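The values are calculated or read from the model by the stated rules, or taken from the named source; none is laboratory data. Remember, predicted model here, so these are calculated numbers, not experimental data. No Cβ is skipped: glycine too gets one built from the backbone with ideal geometry, and neighbour counts run over all protein chains shown. Heads up: the accessible areas ignore ligands, DNA and RNA and are worked out on the full protein's heavy atoms, side chains in. Shrake-Rupley method; radii C 1.70, N 1.55, O 1.52, S 1.80 Å.
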Amino acid sequence: MRQLKLKTSQKIGAGLLLLLLAFALLEALLHGTAPYLQRLDQAFALPSLQEPLGTDQFGRSMLARMGAALRLSLILSLICVLTSATLGILLGVVAGWWQGWADRLLSFILNMLLALPGLVLILLFAGLAPGSLLMLYLAISLVLWVEYFRVVRAITRTQIQSSAMQASHMLGFGRWYCFRRHIWPALVSPVFTLAAFGAANAILALAALGFVSVGVRPPTAELGLMMVELFPYYSDAPWVLAQPVLAVFLLVLSLNLLAGGKRS
Amino acid sequence: MTGSQPIIPLLQVENLCVFSRPQAKNQAPELLLEPLSFSLYPGERLTILGETGAGKSLLMQAIMGTLPKPLYHQGRIRIAGQDLDALPQTEREQLWGRRIALLPQEPWHALDPLMPSQEQVSEVYQCVKGRKPDSADHQATQDLLAVGLQGAEHKRPDQLSGGMAQRLAFCAATAAGASLILADEPTKGLDTSCREALVQLLCKKSTQGTLLTITHDVAVARQLGGRILVMKSGRLLDDGRIKQVLDDSACQYTRQLIEAEPARWPPYPLPNIQQATPILEAQELSKQRGNKRLFEHLSLQIRRGEILGLTGDSGCGKSTLGDILLGLLPADSGRVYRRGGFAPQRYLKLYQDPPASFAPQVKLAQLFDDLIRLHRLDAKRLPALLERLNLSTHLLQRHSHQVSGGELQRLALARVLLMEPVFLFADEPVSRLDPITARDVLQLLVEVATEYQCAVLLVSHDPALVHKICHTQRCLSLP
Amino acid sequence: MMRLLLLRLGQAALVCWSVGTLSFILMHLLPGNMAFRVAAGRYGYDNLNLAAAQAVEIELGLDQPVWEQYLNWLLDLMRFDFGNSLVSGLPIAHELMHFLEHTLMLAVTAMLLALLLALPIGIYAAIRENCWFDRASLLMSVLLRAQPVFMVGLVLLLIFSLQLRWLPVAGFDGPRFLILPAISLALVLAALSSRVIRHAGVEVIHSAFFQFSRIKGLSFGQTLIRHGLRNAALPVVAFLGIQLVTLIEGIVMIESLFSWPGLGHGLAHAVFNRDVPMIQGAAMSLGLLFVVLNLWVDIACHLIDPRGRAES
């Protein structure tokens, strides 16, 4: 296949993301402390050799908590993107290609989902099973697939009407060939952009839910939840509060840079 | 040549050349338009003839002062004696519309898509000439009437035909009273009938001023008359009065260009097909698009090896008819019969836009390979076929967008011929190609079709072309 | 146009149905006996006894089969009878009106502010494409968009309320309370829309019709006003439809942050407290608000671009 050419800003994004990923993985491998372990006598200890990122209000290791929180955000966003992209591409191609009742049914579902703003839907789902990661995953994926579906369906439609695909069809090539040669190559780059934006949105949604206390429950280390827990101590220990804030910022920034082109 | 005349030329170009700024510091600038000089006096007409990529549009942009950023020009341009490069940009812009008018290449894009026709003209009287809205509107109505656009005053550009849009653009461009008119490919994409009306309009207007036209169409140059410059890849090749250049030029390229005109083609020796068996038959076809009836009760028959030419104005349903014959579109009524029991893959199509008919992401070799493998064809036939079509096998190592239009159309032909077709629908296959290439490609098409005994439905907007190389002609006109 | 109206109407019905159904499921997922919960909500935990619970059970039809309860639930919805809050015991409809008022106040102020920010920034950046101002506005936009919505509010809150003590921290008690939430929301909205306006503007300025208008003799300013603005407005307004998602999400987050007594805060709070009738009411109101705003955008697009009219 053709190689993916990245712009400079996309390379910076990819580099940043790799750094965060490396931090999250290495922390799990090399740093032994559990993120729940409380040592109240060491609350808000300043960064030291032992605790490079200091401790929080319960004396828990911030290094361990940041590592756990980053892993949670990254893994959740990854599986959300995988689920929603697979679902969206599959259904988008089906709806774009067959265009009969399947298209009408899927478009109906789409319009139904679009009627509710994403975050409201996620909040409702979060209400169904408070603190359940599975529910958050389902809700976020449900909101994200819509975007893939719309884009993939539109591209599939234009490809099907293109002279190139008409020519292939007349020359006797089957549907699988048409998909492989005409539809898939046209999908790769927009789907990649959507995936990067989707991952950023999943991370933001998780943090937002944590922030309004309807996401995962304490003592789980989660970036939004950590912000809201540490906010009251903003003047005592600003460096601790800054950590989850910076983490979300870098995560989303790296993904937005990686996405490259502007949102359509 | 006419330098002894006492009047100052309206437009004087002296050693004008256009360069492209180098990308890296150690590179030399690339010369896109070689030094060119000419003068135009009031009442004169000058036509620049040449194929696309000959640097004709750069000349226009240099005169207007609208060259894109990475390009720059050298040499002198004077308008009524005034050196343009001595003027600051704002004063130069003051000349637009008032002294020089530019007729755009694609009027549909040049007109504001949301504004009614009349307003696009009247705003010039209002904003440039400072007239009151009432009087500006009145004048605009008069202008539109003069070019036959009555009734279209309140329509938007998307509701106009190509010819109407071009006439509207003409009114808007010249409303501010410029005496020097530049027309950049003004007949591109227009039907023969619209083309003539527009050329007459240009001639009429230029009696009061000066007209500089760029075109690739020898017929347009002939109709415009006056002086002519022939250009190829940024270089001036020929210069003179139109009659003298077109009838008897010493320049080989000019002669080639003229001979590429369909009217000048020698009649092609078509084989007799009276005895051939019919391959495709259509009975009583009717088709509507939207509320427009394209054709009704249309019947036709085409035999093996027959070249059937189909002409008609744009939008009359020529392509639709071809697609119906191939089974790509359903007819509203009537039937199409395929005779002789050939495989469906031997009924094929050549497209108007060559790059659009190949998947862009893979090498051409891959696409040919796919086809050969799918139908278990003899791979050894391909090199011979390419040679027959004057194509190098190296081209296969490229992607479709890295190959020129003429080559790509021949590659498309090669792909079709691999299947040994019995019927080929060629939908304006050469309308996007330069005249010389177009003639070559079309000649090849007819030759190989005869060799393969393949029936061809050739759609074209040019009756002269169809007249020369087809057995039979059909003209579609809207009922 | 009729088709669009029907689509939006259908969406509104779907919002009611889906939110209603989810809430119904939610109600039945709540731990404990539902009749006791409702009775407790009504009469207070002190006055709670079996008789009261049974009365409630019969009154609300909780002894009926589930599907019948579901139908009754939806029927109530159709009559806009949202019931009482499980937490405060007050009628939901009354509270919703109060919330809606405040949400609209915040949303309208924020959108106006965002417009005041984004329009001049976007247009100027488009005219001076790639100059330092354009790049700076791009950088600001990228930085703002890489934050969760509440972060912007949080930073403003830290600076202006907690450090400088110029403005109140949370709640609503007069116009001064509006300033910080509105500015936070406006910044988030403007970060994206200023770039959209800039892109649309650049596209129009480079378009063939813009150039042709200049060549006809009109000045840059005349061309910008006569041809630029209307044509650039089209993609911008169409984008507003997409931006509405950001607006609603922003409302939820910013209201929660500033304890603004609006629908978003109400919803988040209700989800936290598992106050199902309130969840239903707030989610439905936000959903309907979203649909109505979308309809406005449709109508605006329709008015700007008459070309679509002939097609539909």
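In segment B:425-440 there is at least one residue matching the filter, namely being in contact with a His (Cβ under 8 Å, 6 or more places away or on another chain) and either open to solvent by 60 Å² or more (accessible area, probe 1.4 Å) or in a helix (DSSP H, G or I) (or both).
Please enumerate the residues belonging to segment B:336-377 that are of a type in the set (D, E) and either touching a Ser or Thr at 6+ places or on another chain (Cβ under 8 Å) or exposed (fewer than 15 other Cβ atoms within 10 Å of the Cβ) (or both). Within segment B:336-377, B:D353 is the sole residue that qualifies.
To keep it simple, each residue is scored yes or no on (1) of a type in the set (G, A, S); (2) modelled with pLDDT under 90; (3) outside the structural domain of C:L289 (by TED's automatic domain parsing).
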position	(1), (2), (3)
C:Q64	no, yes, yes
C:L74	no, yes, yes
C:L96	no, yes, no
C:T109	no, no, no
C:I121	no, no, no
C:N130	no, yes, no
C:L138	no, yes, no
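Among the helices (runs of 4 or more DSSP H) confined to segment A:136-247, the ones with at least 2 residues that are more than 14 Å from chain B (Cβ to nearest Cβ), of a type in the set (A, V, I, L, M) and crowded, with 23+ Cβ neighbours inside 10 Å are located at A:184-211, A:223-230. Applying the condition of being over 21 Å from the mean Cα position of the chain (by Cα) and open to solvent by 20 Å² or more (accessible area, probe 1.4 Å) to segment A:86-101 and asking which residue is farthest from the other protein chains (Cβ to nearest Cβ) yields A:V94. Total residues in segment A:14-50 satisfying the condition of being touching a strand residue (DSSP E or B) at 6+ places or on another chain (Cβ under 8 Å) and within 11 Å of A:V240 (Cβ to Cβ): the figure is 3. Of all residues in segment C:280-300, those that are open to solvent by 30 Å² or more (accessible area, probe 1.4 Å) have Cβ atoms under 9 Å from Cβ atoms of residues that are charged (D, E, K, R) and in a helix (DSSP H, G or I), 6 or more apart or on another chain, in C:V292/C:R8; C:L295/C:R8.
Report whether or not B:A359 is among the small types (G, A, S) and within 13 Å of A:A167 (Cα to Cα). Yes.
Residues in segment B:141-168 that are over 24 Å from B:C316 (Cα atoms) and open to solvent by less than 10 Å² (accessible area, probe 1.4 Å): B:L144 alone.
Which one is nearest to the other protein chains (Cβ to nearest Cβ), of the residues in segment A:103-122 that are within 17 Å of the chain's Cα centre (by Cα) and of a type in the set (A, V, I, L, M)? Break it down stepwise before answering.
Of the residues in segment A:103-122, the ones within 17 Å of the chain's Cα centre (by Cα) are A:118-119, A:121-122.
Pick out the ones that are also of a type in the set (A, V, I, L, M) and you get A:119, A:121-122.
Details: A:L119: 4, A:L121: 9, A:I122: 9 Å.
Across segment A:103-122, the extreme among qualifying residues is A:L119.
Without any contact (Cβ under 8 Å) to a residue 24 or more places away in the chain, closer than 14 Å to C:S85 by Cβ, crowded, with 20+ Cβ neighbours inside 10 Å and touching a Leu at 6+ places or on another chain (Cβ under 6 Å): does that describe C:V271? Yes. The criterion of at least 1 residues that are within 26 Å of the chain's Cα centre (by Cα), in contact (Cβ under 8 Å) with a residue 24 or more places away in the chain and within 14 Å of chain B (Cβ to nearest Cβ) is met, among helices (runs of 4 or more DSSP H) falling completely within segment C:141-232, by C:176-205.
Checking C:G241, C:G264 one by one, the residue that is farther than 18 Å from B:H109 by Cα, in contact with a Cys (Cβ under 9 Å, 6 or more places away or on another chain) and in a helix (DSSP H, G or I) is C:G241 and no other. Taking the condition of being modelled with pLDDT of 80 or more, surrounded by fewer than 15 Cβ atoms within 10 Å (Cβ to Cβ) and polar (S, T, N, Q), how many residues in segment B:21-46 meet it? Residues that pass the stated criteria total 1. Report yes if B:S117 is more than 9 Å from every other protein chain (Cβ to nearest Cβ), at pLDDT 85 or above and surrounded by 22 or more Cβ atoms within 10 Å (Cβ to Cβ), otherwise no. Answer is yes for this residue.
Return a yes/no flag: does segment B:382-399 have any residue that is within 14 Å of chain A (Cβ to nearest Cβ) and outside any loop (DSSP other than H, G, I, E, B). Scanning segment B:382-399, I find at least one residue that is within 14 Å of chain A (Cβ to nearest Cβ) and outside any loop (DSSP other than H, G, I, E, B), so the answer is yes. For segment B:83-100, residues that are in a loop (DSSP other than H, G, I, E, B) and either away from chain C (no Cβ under 11 Å) or crowded, with 21+ Cβ neighbours inside 10 Å (or both) total 3. In segment B:378-399 there is no residue matching the filter, namely being open to solvent by 60 Å² or more (accessible area, probe 1.4 Å) and closer than 20 Å to B:V466 by Cβ. For the structure I just gave you, tell me whether A:F125 is within 20 Å of A:E222 (Cα to Cα), open to solvent by 10 Å² or more (accessible area, probe 1.4 Å), without any contact (Cβ under 8 Å) to a residue 60 or more places away in the chain and of a type in the set (F, W, Y). Against the criterion (within 20 Å of A:E222 (Cα to Cα), open to solvent by 10 Å² or more (accessible area, probe 1.4 Å), without any contact (Cβ under 8 Å) to a residue 60 or more places away in the chain and of a type in the set (F, W, Y)), A:F125 qualifies.
Quick check on segment B:255-264. Is at least one of its residues assigned to a strand (DSSP E or B) and open to solvent by 10 Å² or more (accessible area, probe 1.4 Å)? Taking every residue of segment B:255-264 in turn, none turns out to be assigned to a strand (DSSP E or B) and open to solvent by 10 Å² or more (accessible area, probe 1.4 Å). Looking only at segment B:218-235, residues that are out of contact with any helix residue (DSSP H, G or I) (no Cβ under 8 Å at 6 or more places or on another chain) and open to solvent by 10 Å² or more (accessible area, probe 1.4 Å) come to 2 in all. One residue stands out in segment B:120-131 among those that are touching a helix residue (DSSP H, G or I) at 6+ places or on another chain (Cβ under 8 Å) and not polar (S, T, N, Q): the one that is farthest from the other protein chains (Cβ to nearest Cβ), namely B:R131.
Within segment B:47-66, one or more residues are open to solvent by 60 Å² or more (accessible area, probe 1.4 Å) and touching a residue at least 60 places away in the same chain (Cβ under 8 Å).
With respect to C:S256, determine if the residue is within 10 Å of another protein chain (Cβ to nearest Cβ) and at pLDDT 90 or above.
no
List the number of the failed condition for B:I302; all other conditions in (1) open to solvent by 10 Å² or more (accessible area, probe 1.4 Å); (2) part of a strand (DSSP E or B) hold. Checking B:I302 against (1) open to solvent by 10 Å² or more (accessible area, probe 1.4 Å); (2) part of a strand (DSSP E or B), the one that fails is (1). Residues in segment B:400-422 that are surrounded by 18 or more Cβ atoms within 10 Å (Cβ to Cβ), more than 14 Å from chain A (Cβ to nearest Cβ) and assigned to a loop (DSSP other than H, G, I, E, B): B:V403 only. Of all residues in segment B:362-383, one or more are among the charged types (D, E, K, R) and within 30 Å of B:L270 (Cβ to Cβ). Screening B:L111, B:L103 for residues that are more than 9 Å from chain C (Cβ to nearest Cβ), in contact with a helix residue (DSSP H, G or I) (Cβ under 6 Å, 6 or more places away or on another chain), touching a residue at least 40 places away in the same chain (Cβ under 8 Å) and closer than 30 Å to B:L32 by Cβ leaves exactly one candidate, B:L103.
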